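Asker: I am attaching a structure below and will ask some questions about it afterwards.
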Amino acid sequence: MFHVNHEPGAEIHHTDPFAVPAGQRSPVRRLRGRLAAPVTLWTAPGPAGLTVSSTLVAEGEPDRLLGLIDPESDLWAAAEEAGRFAVCPLGPPHRQLADRFAGLFPSPGGLFATGSWTETSWGPVPADGGGWAGCRLDTAREYGWGLLVEATIEAVDLAEETAPLLHFRGRYRELTD
């Protein structure tokens with residue numbers, strides 16, 4: 001006879017049955033998880049897109065942008081072909097969007113099928129994003145298991161300041177004062 005739990009939110013397991021045992025976890029991965037990172041959406045003409053939480057902006061002459069992305073992603077193929085891409089910082093309302101472009105949430109009809117998008121020369125950006133930067137691809141090279149992308153920032157369009165969405169210890173977080 002089967003027991004049916006009618007309580008909402010019931011758990012099957014109290015832990016993740018697929019988690020790597022604590023003693024076998026990579027200390028470098030654990031360190032990386034303890035560094036809060038902004039969640040951004042990178043897009044390119046095509047269109048293609050990818051959620052990226054390893055983005056760095058370097059002010060200078062010229063202004064530059066660096067990021068680590070998946071070398072096998074559709075974004076990389078589109079950005080490499082176009083020679084340009086857009087980067088948009090995401091906020092707390094964009095959790096589902098971030099998951100969709102990370103491949104963690106279903107996207108019937110394609111990644112860009114839902115939501116409101118603004119077309120730019122560098123790629124589509126969410127109309128309700130915190131602004132965006134248009135970047136010209138300069139170079140890319142293997143770096144660890146990712147691809148280190150270096151670009152020159154050619155355009156910046158800032159919207160009203162919004163709170164950032166952060167990635168910390170495998171989850172999305174928000175700033176609190």
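Asker: Which of Trp122, Trp145, Trp132 moves the most in a Gaussian network model of the chain with Cα springs under 10 Å?
Answerer: The residue that fluctuates most here is Trp145.
Asker: Output ³J(HN,Hα) for region 98-114: one whole-Hz value per residue in order, computed from phi by the Karplus curve 6.51 cos²θ - 1.76 cosθ + 1.60 with θ = phi - 60°, and x for Gly and Pro.
Answerer: 4, 5, 4, 7, 8, x, 9, 9, x, 9, x, x, x, 4, 9, 6, 10
Asker: Please identify, among Pro126, Pro21, Pro47, the residue showing maximal mean-square fluctuation in a Gaussian network model of the chain using a 10 angstrom Cα cutoff.
Answerer: Fluctuation is largest for Pro21.
Asker: Okay, moving on. Are there any GluC sites (Glu not before Pro) in region 116-163 that are in a DSSP loop and have at most 13 other Cβ atoms within 10 Å? List them by number.
Answerer: Within region 116-163, the qualifying GluC sites (Glu not before Pro) (loop, at most 13 other Cβ atoms within 10 Å) are Glu119, Glu160, Glu161.
Asker: Right, something else. What whole-number distance in Å separates the alpha-carbon centres of region 55-77 and region 143-165?
Answerer: 6 Å
Asker: Right, something else. When a/c reaches 1.5 or more, the comparison of a/b and b/c decides; with that in mind, is region 82-177 rounded, prolate or oblate per its Cα gyration tensor?
Answerer: Rounded, since a/c falls under 1.5.
Asker: Using only the Cα atoms of the chain, build the gyration tensor, take square roots of its eigenvalues as a ≥ b ≥ c, and label the shape rounded, prolate or oblate: rounded if a/c is under 1.5, else prolate if a/b is larger than b/c, else oblate.
Answerer: prolate
Asker: Might you report the magnitude of the Cβ-based charge dipole of the chain about its Cα centre, with Lys and Arg at +1 and Asp and Glu at -1, to the nearest 20 debye?
Answerer: That gives a dipole near 780 debye.
Asker: Pairs of alpha-carbon atoms within less than 8 angstrom and 6+ residues apart define the contacts here; what relative contact order does region 39-170 have, in percent?
Answerer: 31 percent
Coordinate-derived values only; no laboratory data. What you see is a predicted model, and the numbers here were worked out from it, not measured in a lab. Quick reminder, even Gly has a Cβ in these numbers, built from the backbone with ideal geometry, and neighbours come from all protein chains shown.
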